[in-house]
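The values are calculated or read from the model by the stated rules, or taken from the named source; none is laboratory data. No experiment lies behind these values; they were computed from the predicted model shown. FYI the Cβ positions are ideal-geometry reconstructions off the backbone, even for glycines, and counts take in every protein chain you see. What goes into the accessible areas is simple: the full protein's heavy atoms, side chains included, and nothing from ligands, DNA or RNA. Shrake-Rupley method; radii C 1.70, N 1.55, O 1.52, S 1.80 Å.
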Amino acid sequence: MSNRIKIARTLCIFFMTFVHVQPGIAENVYDRDAGFFDIVYFILTRLMGLSSVSLLSVVSGYFIVSSLLKLGTLDLYKSKLKTLVVPLVAWNVLALALLGAYGLLSDNWRNWPEFTVPGMANAFLAVTEWPLVVPLWFLRDLFVCCLFSPLLYFAIKRLPVATILLLVVFTLFGEDLYILQRPQLMLFFAMGMWIRLSWANEQEIDRIAHPLAIGLAATAAIFLYFRIQGILLSDMDDTLRLTLDTLLRITMAAGFWYLTELIRKSSFAEPFMRFEPYCFFLFCSHAILFDYAGIIFRRFFGNYGSDLFPITFFTLPILAVISAIVGLQIINRSGVLIFLFNAGHKVQPLWRPAAERASA
């Protein structure tokens with residue numbers, strides 16, 4: 001079970017990186033006629049990349065139960081403040097510093113946030129809008145879910161079905177409340193808590209996930225039909241759009257979970273699990289890397305629609321993985337930097353002195 005969760009984290013966060021490879025054009029990429037690469041791009045970004053967050057949310061909810069019971073409410077809040085809010089602020093401060101340096105060099109201040117209390121609050125904490133490092137809204141929303149976890153624990157233990165149904169309503173109609181940037185996240189978080197509180201073992205979880213994974217084929221087919229026919233989700237009724245999107249994310253979470261078992265039994269299992277300690281750093285850093293590396297890549301390989309843009313699209317995520325390994329190894333000796341940028345979690349050195357290897 002723990003190995004599959006390690007694989008799931010690596011798998012989901014890697015696919016998430018594809019979402020943030022910037023196309024470099026102003027118009028909507030989904031307005032184009034769907035060629036071969038357009039379909040591949042749609043699958044990796046809209047279907048797999050965006051939906052990968054759902055399984056991460058389920059896993060977070062699964063583990064929060066034991067953390068809540070072990071630490072208690074107050075200590076849990078303190079712990080999550082250190083591991084979620086501190087990196088959220090630290091990475092956005094770094095992004096602001098890089099934006100300032102880039103602005104001084106290029107005289108381009110287009111992405112500089114509004115220098116007001118609400119503007120800075122959003123830039124660093126994503127209070128009502130996206131933060132400077134856009135993917136980090138997930139840390140903000142996950143922290144809010146952790147704040148609600150004692151209430152969710154109480155509700156799920158006593159009225160699980162009613163609680164899930166209430167969260168479905170919140171998913172469909174809660175966007176304007178600014179409680180979460182993505183209200184769906186609390187639904188998946190609560191599902192993880194429900195699985196944990198039902199004391200489901202791995203086999204029972206697989207029995208739940210299997211029919212949902214099969215349903216992924218139908219859900220994905222609907223979305224692919226929309227893409228091929230040029231039907232924009234943004235033009236749909238909000239309730240219909242959110243319903244379809246939630247179905248996609250539920251079935252995709254099951255599909256990813258089913259895939260972890262296939263990977264666990266394969267020769268790829270060890271590389272996936274060995275990279276897992278670097279996943280958080282990859283998640284936090286990749287969008288910043290793409291912002292600046294993308295400028296160079298697009299100059300050579302063009303914007304979305306160029307014949308060479310696939311080079312940018314497939315190379316940047318690989319470069320992000322390598323950069324995460326190198327970057328985390330560089331800061332690994334600094335307790336302060338590890339606390340700020342990797343939630344306080346050190347990793348094993350890639351190369352250890354011969355004496356240490358011998359004693360090990």
* Gly294 is checked against (1) at pLDDT below 95; (2) outside any loop (DSSP other than H, G, I, E, B); (3) over 30 Å from Asn28 (Cβ atoms); (4) in contact with a Leu (Cβ under 9 Å, 6 or more places away or on another chain) and fails just one. What number does that condition carry? -> (3)
* Is it true that some residue in region 305-317 is among the small types (Gly, Ala, Ser) and open to solvent by less than 50 Å² (accessible area, probe 1.4 Å)? -> yes
* If you scan region 22-41, which residues turn out to be among the charged types (D, E, K, R) and either open to solvent by 60 Å² or more (accessible area, probe 1.4 Å) or on the phi > 0 side of the Ramachandran plot (or both)? -> Glu27, Asp31, Arg32, Asp33
* Asked: Among the residues of region 318-334, which ones are open to solvent by 50 Å² or more (accessible area, probe 1.4 Å) and not in a loop (DSSP other than H, G, I, E, B)?
  -> Ile318, Leu319, Ile322, Val326, Ile330
* Asked: Can you name the residue in region 171-185 that is open to solvent by less than 30 Å² (accessible area, probe 1.4 Å) and under 16 Å from Leu248 (Cα atoms) and, of all such residues, is nearest to the chain's Cα centre (by Cα)?
  -> Leu185
* When Thr251 is evaluated against the numbered criteria (1) open to solvent by 20 Å² or more (accessible area, probe 1.4 Å); (2) part of a helix (DSSP H, G or I); (3) at pLDDT below 95, which criterion, by number, is the only one it fails? -> (1)
* **Check on Ile205, among the β-branched types (Val, Ile, Thr), under 14 Å from Leu55 (Cα atoms) and buried (at least 21 other Cβ atoms within 10 Å of the Cβ)** => no
* Qualifying position, being open to solvent by 30 Å² or more (accessible area, probe 1.4 Å) and touching a helix residue (DSSP H, G or I) at 6+ places or on another chain (Cβ under 9 Å), among Ser51, Ser67 -> Ser67
* Structure fact -> Per the filter on region 91-150, residues of a type in the set (Asp, Glu) and part of a loop (DSSP other than H, G, I, E, B) are Asp107, Glu114, Glu129
* Structure fact -> How many residues of region 181-205 are part of a helix (DSSP H, G or I) and touching an Asp or Glu at 6+ places or on another chain (Cβ under 7 Å)? The answer is 1
* To do: Look through region 259-287, keep the residues that are assigned to a helix (DSSP H, G or I) and free of Cβ contacts under 8 Å to residues at least 12 places away in the same chain, and return whichever of them is least open to solvent (accessible area, probe 1.4 Å).
  => Pro271
